[in-house]
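Structure first, commentary second.
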Amino acid sequence: MLEGKNVNLRVVEKEDLPLISEWTANPDFLGEYVSLWQKSKAEWQKRYDNLHAEEKWFLIEKKDGTKVGFIQHFPIESFQELGYGLVPNERGKGYCSEAVELVVDYLFLSKDVVRIQAQTDVRNVASQKILEKAGFKKEGTIRKNDFIRGEWRDRYLFSILREEWKEPKILTRTEKK
Ligand SMILES: CC(C)(COP(=O)(O)OP(=O)(O)OC[C@H]1O[C@@H](n2cnc3c(N)ncnc32)[C@H](O)[C@@H]1OP(=O)(O)O)[C@@H](O)C(=O)NCCC(=O)NCCS
C-alpha cells in the first residue's frame, strides 16, 4: 500500500476486476477526452493475467477505504508511462493529483527509471494541471493520435525526468513487494 495524505494506493487484486470493468464500461467515468472502451470481465481478467512484470495497477482509495479511481504505470521501452481516472463524483478534490505524485515518488524511489511520461488529450485541462503540479513538462503534440467520439484528436506528451524530481513529494515508504 502506498500511503498519501488523503488517499492510499492499493494494488489491484483479481477481486477488484469487476469494479474496474463496471467503471470503464461507463462513458461518464472515461470522460470526454478518452476513447470509449467496452471490455468484458473475461477480457479484463485476461489482460490482468498477462500484466508485464514492470506494469502495476492501483486502486485509489480514500482514507475510509472508499474506492474512487485507478492509476496504472506501465513500461514503454526503458521508461514508464502513467494512466489514471476517477469516478465523476469524486473529481475536483485533488485525489488524482495526489495519486500521480505518489506513483512518481514510488517509481523513482523503487526503480532505476530516468523518465516517466503521460499523454493527455489537448482539451483535457484537468489532466494537464495534474501533471504540471507533479512536475511534468509538456514535450509536444502528438497529432491525430486518438479517435474520440467520432473524430481524430491530438494529444500532448508530458514527462518528468529523475533529475527534475529530486526528492519525494509525498511518499516516504515504499511497498515491500
Ligand atoms: C482527469 C481527472 C483524473 C482529473 O481529476 P480531478 O479530480 O478533477 O483532478 P484534481 O482535482 O486532482 O485536479 C485537477 C486540477 O484541474 C483543475 N480543473 C478541473 N477541471 C478543469 C477544467 N475543465 N478546466 C480547467 N481546470 C480544471 C482543477 O481545478 C484542479 O486544479 P487546481 O489543483 O489548481 O485546483 C478526471 O477528470 C478524470 O478521471 N477524467 C476522466 C478520465 C481521464 O481523462 N483520465 C486522464 C487521461 S490522460
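Here are a few things to note about the model shown:
- With R₀ fixed at 30 Å, the C-beta to C-beta distance from Asp28 to Glu54 puts the FRET efficiency at about 0.45.
- Taking every alpha-carbon pair in the chain and binning the separations at 5 Å intervals from zero gives 1, 8, 17, 21, 22, 18, 10, 2, 0 percent.
- Start at zero, step by 5 Å, and the Cα-Cα distances of the stretch 74-115 spread as 5, 20, 27, 20, 13, 10, 5, 0 percent across the bins.
- With K and R counted +1 and D and E -1, the other residues having a Cβ less than 9 Å from that of Leu161 yield a net charge of +1.
- Under the span-like rule (Cα at least 15 Å along the axis, Kyte-Doolittle mean at least 0.0), DSSP H helices of the chain: 95-110
- Under the criterion of Cα pairs below 8 Å and six or more residues apart, the relative contact order for the chain equals 23 percent.
- Taking the DSSP beta bridges with both ends in the chain, the antiparallel portion is around 90 percent.
FYI, it's all coordinate maths here, none of it is from the lab. Remember, predicted model here, so these are calculated numbers, not experimental data. Neighbour counts run over all protein chains shown; Cβ positions are idealised from the backbone, glycine included.
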